[in-house]
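Asker: Take a look at this one; I'll ask things after.
The values are calculated or read from the model by the stated rules, or taken from the named source; none is laboratory data. A quick note: this is a predicted structure, and the numbers were derived from the prediction, not measured. Cβ sites come from the backbone with ideal geometry, for glycine too, and all protein chains shown count toward neighbours. Calculation scope for accessible area: heavy atoms of the full protein, side chains included, ligands and nucleic acids excluded. Shrake-Rupley method; radii C 1.70, N 1.55, O 1.52, S 1.80 Å.
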Amino acid sequence: MSGEASPVDYTNVKTAGIIGAGVAGLAAAKTLQAAGVACTVFERNDAIGGVWTDGYLEYGVQVPKELYEFPDFPLPEDTPQFTPGPMLQQYLEDYADHFGIRDCIRLGVTVTNVEQAPDGQGWLVSTSLPGGEAQQHFDMVVVGVGLYSNIPHMPEIPGQAEFSGQVHHISGLKSPDVLAGRKVAVVGFGKSATDAALLARKHGKASNIIVRTLHWPVPRNLAGLIPFKWGLLNRLTVTVIPPYKTMTALERQVHFIGKPLVWLFWRVVELLLIVQCQLWTRFGARQSLIPDEPVEIGAFSEATMVPRPEFYKSVRSGEINLHRGRIERFVPDGVELDNGSRIEADTVVLATGWRSDYGFLSDELQDRLGLEDDGFYLYRQMVHPDAPGLVFIGYASTVANILAYNMQSRWLAELITGRHHLPGRDAQMAEIANLREWKRRWIPFSHARAARLIVHLQHYLDELMGDIGANPLRKTGIFAPLAEVFAPYEPRDYRDIAADDWVKREFAGE
Amino acid sequence: MFYTLGTLLGLVTGIVHAVHIIATQSSLPGPNASGQAFYRAAWAIVLWTLFGGYLFSMWVIGLLFRAVFADRGNSADLAKP
Ligand SMILES: Cc1cc2nc3c(=O)[nH]c(=O)nc-3n(C[C@H](O)[C@H](O)[C@H](O)COP(=O)(O)OP(=O)(O)OC[C@H]3O[C@@H](n4cnc5c(N)ncnc54)[C@H](O)[C@@H]3O)c2cc1C
């Protein structure tokens, strides 16, 4: 670690207030409790699980099960390849029981305010619960409120009063009755929008999807054969995505020389996706579904998705009508797009995402954290030197969040046990500025751009491993060098880090 | 001939990469780090040599096609300091 010593000593942390009992909050509670920190988890819902508590109809994990499990708590053997939401919810309940964290979770309690204690030592957390309000002091506060679940994002569309049908946010789509026999128009083009369009095809009279910006799909199996993790989550692919942060002079030279190869690689990937998902233009009413953005950039946009395989088939067969454009306004019997076309609909489903709610952080604190339109830029996606003791777990959007949040929790636990230290304020601020500049240079805008890492997860994990003094190369066995290059990295590769066995193993004999 | 040239280039790249691996990975945490680094370095030479011809051919094709479809994709151009 470079720079002057950090002014904050995390080794004094004995108590932590954790906001949110989703995957992030649970991972933090389990890891910190094992490190000797007394945790209190505040969860405003009546159940743990966050987004997995109660999703839309047929919701589930996008990525295969081996990419979405706690590294030290495998999913049950009989879990389907793509874990359905309710099953994941049960798994999270089992996790809480297995690691004995249920007792520290307070359900139905909303955190309304977080402020630094007047003497600067620790934080005051105000909560509201049915019985009244309360305030509690903690040495550290962990914010694990998630990127996705809090507030449904409902765009303002003129003319809604005139519309004779129903308007739902995707989160309200909990029963087929909402769609049964209806002409449905879905707005959006993320994973939840494609799911909603498929549900409308199944239960409704007509299924339309209105798409402003096309995105590249990630098929579950590349070329219909190879699970996408082999093409996307190995170190080889990570070397051909837009480089991670600042490069050394040598790395710049290597990237310059390799340009034609990298360029060709991505064009071949695009071609494969175009052929596999049949994205090309057909004559007649059919439209090209090829996104404008090159795939290596588009993969980092807000709506990276692994659609169900039947989605593109249904679009091609006309069972789902895809319309390009932006909704201009509601009309009595449907919606009108900015290109003048009208879509007849009696149910509109807004699959327009969610927004986080950081209202419990005062404006002054949000300023200190440097909140901007595209989110919080934090040191290691977790801490800011001007708000010492306030830690974000889960403020990272990746292909395997459960792994990322577990490793963030481990990093934090190691900070508390004193196995690693933060650099000084200047070094942290310089790193934050570097991160901001890098992301803004090329990652498409979104309100959570600051959190986006997607396939750079591997680089991020390497960084966290480097900080805590663990070996970032985690493949083992005689073919480890091959596996390091070609095999996908999965939560199970970090099992001993999550379980805190790694120090024994990696320093054995020292 | 073309392929052999690629293989030779692969071998050279592999050696350079191997040196880089030994320099950067010999001090990683864990038991026998330098032995592991040498083992990985050996694999790097094997892999680069094996795939050198293929990669070189793709590099040349990329160079030609990129000149024609230059407006599509610029990921490597993002590699600014
Ligand atoms: C359908 C769907 C599919 C997905 N598929 C994948 C996937 O394949 N791979 C992947 O990596 N990710 C996927 N995700 C993203 C997923 O959201 C994250 O992986 C992860 O579950 C987020 O966990 P979290 O704990 O950060 O946030 P959340 O699950 O949102 O939990 C935050 C919790 O904080 C609580 N909370 C918020 N504010 C307060 C407050 N003021 N006081 C008290 N409690 C509060 C909320 O009630 C909530 O329970 C998917 C999401 C959805 C919806």
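Asker: Can you report the number of residues in the range A:381-395 which are more than 16 Å from the ligand (Cβ to nearest atom) and over 11 Å from A:Trp123 (Cα atoms)?
Answerer: 4
Asker: Name the residues in the range A:342-368 that are part of a loop (DSSP other than H, G, I, E, B) and of a type in the set (Phe, Trp, Tyr), would you?
Answerer: Passing the criteria: A:Tyr358, A:Phe360.
Asker: Out of all the residues in the range A:342-362, is one or more free of Cβ contacts under 8 Å to residues at least 60 places away in the same chain and open to solvent by less than 30 Å² (accessible area, probe 1.4 Å)?
Answerer: Checking the range A:342-362: not a single residue is free of Cβ contacts under 8 Å to residues at least 60 places away in the same chain and open to solvent by less than 30 Å² (accessible area, probe 1.4 Å).
Asker: Would you confirm whether any residue within the range A:437-447 is in contact with a helix residue (DSSP H, G or I) (Cβ under 8 Å, 6 or more places away or on another chain), open to solvent by 30 Å² or more (accessible area, probe 1.4 Å), in a loop (DSSP other than H, G, I, E, B) and more than 14 Å from every other protein chain (Cβ to nearest Cβ)?
Answerer: no
Asker: In addition: Condition first: more than 7 Å from every other protein chain (Cβ to nearest Cβ) and free of Cβ contacts under 8 Å to residues at least 12 places away in the same chain. Now tell me which residues in the range A:241-255 satisfy that.
Answerer: Matches in the range A:241-255: A:Thr248, A:Ala249, A:Leu250, A:Glu251, A:Gln253, A:Val254.
Asker: Being polar (S, T, N, Q) and open to solvent by 30 Å² or more (accessible area, probe 1.4 Å) is the filter; apply it to the range A:417-434 and report the residue that is farthest from A:Asp386 (Cα to Cα).
Answerer: Across the range A:417-434, the extreme among qualifying residues is A:Thr417.
Asker: Return the total of residues in the range A:220-264 being over 19 Å from A:Tyr460 (Cβ atoms) and polar (S, T, N, Q).
Answerer: The qualifying residues number 2.
Asker: Only one of (1) within 16 Å of the ligand (Cβ to nearest atom); (2) touching a strand residue (DSSP E or B) at 6+ places or on another chain (Cβ under 9 Å); (3) open to solvent by less than 70 Å² (accessible area, probe 1.4 Å) is not met by A:Glu302, so which one is it?
Answerer: (3)
Asker: Testing A:Val184 on (1) assigned to a strand (DSSP E or B); (2) within 12 Å of another protein chain (Cβ to nearest Cβ), one condition comes back false. Which one is that?
Answerer: (2)
Asker: Go through the range A:144-202 and give me each residue that's within 16 Å of the ligand (Cβ to nearest atom) and on the phi > 0 side of the Ramachandran plot.
Answerer: If the condition is that a residue be within 16 Å of the ligand (Cβ to nearest atom) and on the phi > 0 side of the Ramachandran plot, then A:Gly146, A:Gly188 are the ones that fit.
Asker: Another question, then. State all residues of the range A:462-472 that are within 10 Å of another protein chain (Cβ to nearest Cβ) and open to solvent by 30 Å² or more (accessible area, probe 1.4 Å); if no residue qualifies, say none.
Answerer: Residue satisfying the conditions is A:Gly466 alone.
Asker: Given the structure, is A:Gln81 open to solvent by 20 Å² or more (accessible area, probe 1.4 Å), more than 7 Å from the ligand (Cβ to nearest atom), away from every other protein chain (no Cβ under 14 Å) and touching a Cys at 6+ places or on another chain (Cβ under 6 Å)?
Answerer: no
Asker: On to the next question. Does A:Ser175 qualify as being in contact with a Pro (Cβ under 6 Å, 6 or more places away or on another chain), open to solvent by less than 60 Å² (accessible area, probe 1.4 Å) and not assigned by TED's automatic domain parsing to the domain that holds A:Pro488?
Answerer: In short, no.
Asker: Let me ask you something else. Here is a check on your reading of the model: is A:Gly100 part of a loop (DSSP other than H, G, I, E, B), at pLDDT 95 or above and open to solvent by 30 Å² or more (accessible area, probe 1.4 Å)?
Answerer: When the stated conditions are applied, A:Gly100 passes them.
Asker: Would you call A:Pro260 within 18 Å of A:Lys439 (Cα to Cα), of a type outside the set (S, T, N, Q) and at the interface with chain B (Cβ under 8 Å from one of its Cβ atoms)?
Answerer: It is false that A:Pro260 is within 18 Å of A:Lys439 (Cα to Cα), of a type outside the set (S, T, N, Q) and at the interface with chain B (Cβ under 8 Å from one of its Cβ atoms).
Asker: Can you tell me which residues in the range A:193-230 are of a type in the set (Ser, Thr, Tyr) and open to solvent by 20 Å² or more (accessible area, probe 1.4 Å)?
Answerer: Correct list: A:Thr213 only.
Asker: A further question follows. So for the range A:127-138 (the condition being within 10 Å of the ligand (Cβ to nearest atom), touching a Leu at 6+ places or on another chain (Cβ under 9 Å) and not acidic (Asp, Glu)), does at least one residue qualify?
Answerer: Within the range A:127-138, none of the residues are within 10 Å of the ligand (Cβ to nearest atom), touching a Leu at 6+ places or on another chain (Cβ under 9 Å) and not acidic (Asp, Glu).
Asker: Something else about it: Within the range B:31-57, which residues are surrounded by fewer than 18 Cβ atoms within 10 Å (Cβ to Cβ), at the interface with another protein chain (Cβ under 10 Å from one of its Cβ atoms) and without any contact (Cβ under 8 Å) to a residue 24 or more places away in the chain?
Answerer: Of everything in the range B:31-57, those that are surrounded by fewer than 18 Cβ atoms within 10 Å (Cβ to Cβ), at the interface with another protein chain (Cβ under 10 Å from one of its Cβ atoms) and without any contact (Cβ under 8 Å) to a residue 24 or more places away in the chain turn out to be B:Pro31, B:Asn32, B:Ala33, B:Tyr39.
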